[in-house]
Amino acid sequence: MTNRMWGGRFAGTPSEIMEEINASIAFDQRFFAQDIAGSKAHCAMLAETGIISAEDAAEITGGLDRIQRDMEAGAFTFSRALEDIHMNIEARLAELIGPAAGRLHTARSRNDQVATDFRLYVRDTVDHLDEQLAGLQRALAKKAAAHADTIMPGFTHLQTAQPVTFGHHCLAYVEMAARDRGRFADARRRMNESPLGAAALAGTSFPIDRDMTARTLGFDAPMRNSLDAVSARDFVLETLATAAIAATHLSRFAEELVIWSSAQFRFVRLSDRFTTGSSIMPQKRNPDAAELVRAKAGRVIGALATLMVVMKGLPLAYSKDMQEDKEPAFDALDTLSLAIAAMTGMVEDMEPDREAMRAAAAHGFSTATDLADWLVRVLGLPFREAHHVTGSLVSRAEQAGIDLKDLPLAAMQEVEPRITDDVFSVLSVEASVASRESLGGTAPDNVRREAERWLKALKG
């Protein structure tokens with residue numbers, strides 16, 4: 001039979017293929033709480049403005065409450081024939097309270113209804129992701145405080161560059177997560193306008209109060225153009241763009257954990273909680289959680305690309321193409337949430353190997369910049385000349401198979417006669433990190449202050 005919610009225009013029934021491609025209930029049923037909240041707000045407004053009676057409104061609200069309890073208990077049977085969450089709820093409401101259920105859809109459309117549901121859902125999800133990212137920041141800041149003076153090599157081009165502290169490295173990701181949270185907050189602020197009341201695309205002739213429904217649902221205001229209200233999906237695009245950046249940050253850290261936990265580095269150890277073994281090689285401890293976080297960034301980035309392609313050619317206002325906005329968004333946001341949880345767990349779990357890190361930092365001529373700075377500061381050389389002198393000294397040390405700190409003073413003086421034995425005071429990795437006291441530098445005291453500042457800020 002035809003769908004009685006919209007079938008008056010049609011004499012025949014849709015084919016099985018049409019039903020298969022058209023139905024969205026398999027995935028949009030997760031909107032049920034948002035859909036019911038929107039319907040209750042709309043119902044209260046209809047009663048307040050006299051569009052429906054208080055008696056009908058009471059029946060509708062009671063029926064919606066019962067449906068929500070059944071859905072929360074897993075006792076609701078969803079029907080593919082009814083296509084989506086909106087029709088499933090409306091049909092069940094009609095079974096429960098009779099003809100009064102039909103009054104609920106006065107002055108609205110599924111177009112503004114789904115736009116409202118989706119904004120509410122994404123807004124709720126952004127709030128959850130913000131809490132998760134704050135938790136990741138706390139875990140990183142605690143690790144930074146505990147390892148403010150744990151020395152490791154800092155890299156550029158994955159080549160040893162200068163000594164840094166492990167705590168300083170952790171705080172870099174605290175800053176990245178802070179920007180991720182800021183982008184989510186920006187996206188939340190822009191999405192927090194209500195489409196409800198835009199109806200199909202042109203508004204409605206009923207005397208509705210859109211400010212009332214917006215306030216009830218926690219929106220800052222109603223959207224001011226009905227065409228835009230039902231067709232805009234930039235709030236999802238912006239959220240997915242932010243999610244993609246956050247996932248990229250997680251992936252970069254995951255890559256470092258994979259490298260650091262390898263036998264060639266041994267900088268950190270992850271416990272059995274976040275590693276797996278091999279079915280054939282008993283010695284293996286694989287950082288699978290980190291590898292999966294690294295890979296899952298591709299799913300989040302892919303979701304953004306998917307929705308961009310869906311939306312790029314759509315004329316105003318609503319098109320059924322927009323049904324394809326939900327599955328990639330759901331998957332991306334679920335994936336990011338899992339990745340944040342996994343990364344937070346690994347940060348709390350990982351144990352840095354101080355000796356291995358310090359030994360690696362001491363090799364690779366990592367204090368060469370400190371030598372160049374000493375030549376500028378003490379001997380007054382222009383930096384470019386100091387850079388050249390230092391390069392010559394590094395070359396000599398490399399040829400001798402020793403580090404800079406082990407190069408004899410006499411050998412240094414063959415390149416620059418004015419060098420004194422005071423130069424050795426800057427060639428240890430400890431001296432190097434301690435000297436980096438500028439704002440944002442890796443000095444242990446800096447790291448402790450920053451870690452404490454973040455931990456204090458994240459308590460609020």
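For the stretch 304-447, place one equal point scatterer on every Cα, skip the solvent, and apply the Debye formula. What is log10 of I(q)/I(0) at q = 0.15, 0.16, 0.19 Å⁻¹?
-0.82, -0.89, -1.13
Starting from the residue with the highest accessible area, list L336, L409, L292 in decreasing order, probe 1.4 Å. All intermediate terms of the calculation are to be shown ahead of the outcome.
Details: L336 0, L409 50, L292 100 Å².
Descending accessible area places them as L292, L409, L336.
Work out, in µm²/s and without decimals, the Stokes-Einstein translational diffusion coefficient of the stretch 18-106 at 25 °C, 0.890 mPa s, Rh from Kirkwood over C-alpha pairs.
185 µm²/s
If you average the sequence gap of Cα pairs under 8 Å that are 6 or more apart and divide by the length of the stretch 113-215, what percent do you get for the contact order?
30 percent
If each DSSP helix of 4+ residues adds -39,500 (n - 2.57) and the sum is divided by the residues in the chain, what number results at 222 nm, nearest 500 deg cm²/dmol? Can you show the working numbers first?
Values: 18 runs with 278 residues, N = 460.
Per the formula, -20000 deg cm²/dmol.
Quick one: what are the phi-derived ³J(HN,Hα) couplings along the stretch 200-211, Karplus 6.51/-1.76/1.60 with θ = phi - 60°, whole Hz, x for glycine and proline?
5, 5, 10, x, 9, 8, 6, x, 6, 10, 6, 5
Quick query: amide H of A161 versus all other amide H atoms, modeled in the peptide plane; which residues come in under 5 Å with a sequence gap of 5 or more or a different chain?
Close amide H contacts, sequence-distant or interchain: G154, F155, T156.
With just the Cα atoms defining each centre, how far is the stretch 198-234 from the stretch 290-309? Give it in Å.
With the stretch 198-234 and the stretch 290-309 each reduced to a Cα centre, they are spaced 32 Å.
If the limit is 19 Å between Cα atoms, which of K142/K296; K142/K459; K143/K456; K143/K459 go over it?
K142/K296
Would you give the gap between the C-alpha center of the stretch 435-460 and the C-alpha center of the stretch 126-141, rounded to a whole Å?
18 Å
Normalised by the residues of the stretch 273-411, what does the relative contact order come to in percent, with Cα pairs under 8 Å and at least six apart?
Computed over the stretch 273-411, the figure is 16 percent.
Expressed as a whole number of Å, what is the distance separating the alpha-carbon centroids of the stretch 152-176 and the stretch 325-402?
4 Å
Can you give the relative contact order of the chain as a percent, counting alpha carbon pairs under 8 Å and 6+ residues apart?
Working: 649 pairs, mean separation 78.6, N = 460.
Computed value for the chain: 17 percent relative contact order.
Checking the cross-link filter: which aspartates and glutamates have an alpha carbon closer than 17 Å to that of K312, excluding same-chain neighbours under 8 positions apart?
D228, D234, E238, D321, E324, D325
Along each of the three principal axes of the Cα atoms of the chain, give the extent in whole Å, ordering the values from largest to smallest.
Extents along the principal axes, in whole Å: 99, 53, 40.
Heavy-atom accessible area of L46 with all protein chains present, probe 1.4 Å, nearest 10 Å²?
0 Å²
Kirkwood Rh over Cα pairs of the stretch 62-156 into Stokes-Einstein at 20 °C, 1.002 mPa s: D in µm²/s?
122 µm²/s
Restrict the search to the stretch 236-345; then list the trypsin sites (Lys or Arg not before Pro) that DSSP places in a loop and that have at most 10 other Cβ atoms within 10 Å of their Cβ.
K312
The values are calculated or read from the model by the stated rules, or taken from the named source; none is laboratory data. Bear in mind the structure is a predicted one, so any value in this text is a computation, not a measurement. Note: ideal-geometry Cβ built from the backbone for every residue, glycine included; neighbour counts use all protein chains shown. Calculation scope for accessible area: heavy atoms of the full protein, side chains included, ligands and nucleic acids excluded. Shrake-Rupley method; radii C 1.70, N 1.55, O 1.52, S 1.80 Å.
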